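Visitor: One structure follows; several queries about it will come next.
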Amino acid sequence: MMIRINLLPHREIKRAARRRQLGVLLATTLVVAAGAVGLGQAAISARLANQEERNVYLEQEIARLDIQIGEIKKIKAETQALLERKQVVETLQSNRTEAVHLFDEIIRILPEGLYLKSLRQTGDQIELLGYTQSSARVSTLMRSLEDSPWFEQPMLIEIKAATVNNLHANEFNLKVKQTRQTAETGNQEART
């Protein structure tokens, strides 16, 4: 029997084979990793492009809505201006007959023996200056003013003795506040 001795460097051959396998495995891993990184990069780029498209769309829509909001604000301002004009017209319409009602009511409630020298209106305040034969007639006038729906809060400022056309009289100064009547109330008062 003969002993066979293997003189071939089998260990080196196995090492070389392992190195080749390791190189192939390393190259395959590098190719797969590069592919995965490439796919990841492509997916991220696609998502970024999609998000950028959405952002552009949203910016366009926001710009369009800003234009519409500007138009709405303009319409609201015009509406407010029209409402203010309407209110002024309504106020003028309701106030246009006030002077007639004011004079008519004063003539109705003015007691006999009392004469007005002047009537002055400042806003809602009316100042009556006049002459009377007695102070009781001024009190009657104040009560009548208080009972009238067109006046409120009569206040006697002053009453003093005076001479008018060589006659002794009392000069008075009276203030009263005019109340605002609605058109329906004014029409009802005119009918009665």
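The values are calculated or read from the model by the stated rules, or taken from the named source; none is laboratory data. Owing to the predicted nature of the structure, the values given are computational and were not obtained by experimental measurement. All Cβ positions, glycine included, derive from the backbone under ideal geometry; neighbour counts span all protein chains shown. Please note that ligands, DNA and RNA were not included when accessible areas were found on the heavy atoms of the full protein model with its side chains. Shrake-Rupley method; radii C 1.70, N 1.55, O 1.52, S 1.80 Å.
Visitor: Restricting the first residue to the range 118-143 and requiring it to be closer than 14 Å to residue 98 by Cα, which pairs with a second residue that is open to solvent by less than 60 Å² (accessible area, probe 1.4 Å) and part of a helix (DSSP H, G or I) meet a Cβ separation below 8 Å and a spacing of at least six or different chains?
Guide: So the pair list comes out as 121/102; 126/102.
Visitor: Return the residues of the range 146-163 that are under 11 Å from residue 175 (Cβ atoms) and open to solvent by less than 90 Å² (accessible area, probe 1.4 Å); say none if nothing qualifies.
Guide: Listed by number, the residues that qualify are 151, 154, 156, 157, 158.
Visitor: Determine if the range 129-145 includes at least one residue that is assigned to a strand (DSSP E or B) and open to solvent by 90 Å² or more (accessible area, probe 1.4 Å).
Guide: Among the residues of the range 129-145, not one is assigned to a strand (DSSP E or B) and open to solvent by 90 Å² or more (accessible area, probe 1.4 Å), which makes the answer no.
Visitor: Something else about it: Output the number of residues of the range 73-82 satisfying the condition of being open to solvent by 90 Å² or more (accessible area, probe 1.4 Å) and hydrophobic (A, V, I, L, M, F, W, C).
Guide: 2
Visitor: While we're on this one: For residue 23, only one of the following conditions fails: (1) in contact with a strand residue (DSSP E or B) (Cβ under 7 Å, 6 or more places away or on another chain); (2) at negative phi. What is its number?
Guide: Here residue 23 clears every test but (1).
Visitor: Could you run through the range 96-114 and say how many residues are open to solvent by 50 Å² or more (accessible area, probe 1.4 Å), part of a helix (DSSP H, G or I) and of a type outside the set (A, V, I, L, M)?
Guide: Adding up the residues that qualify gives 3.
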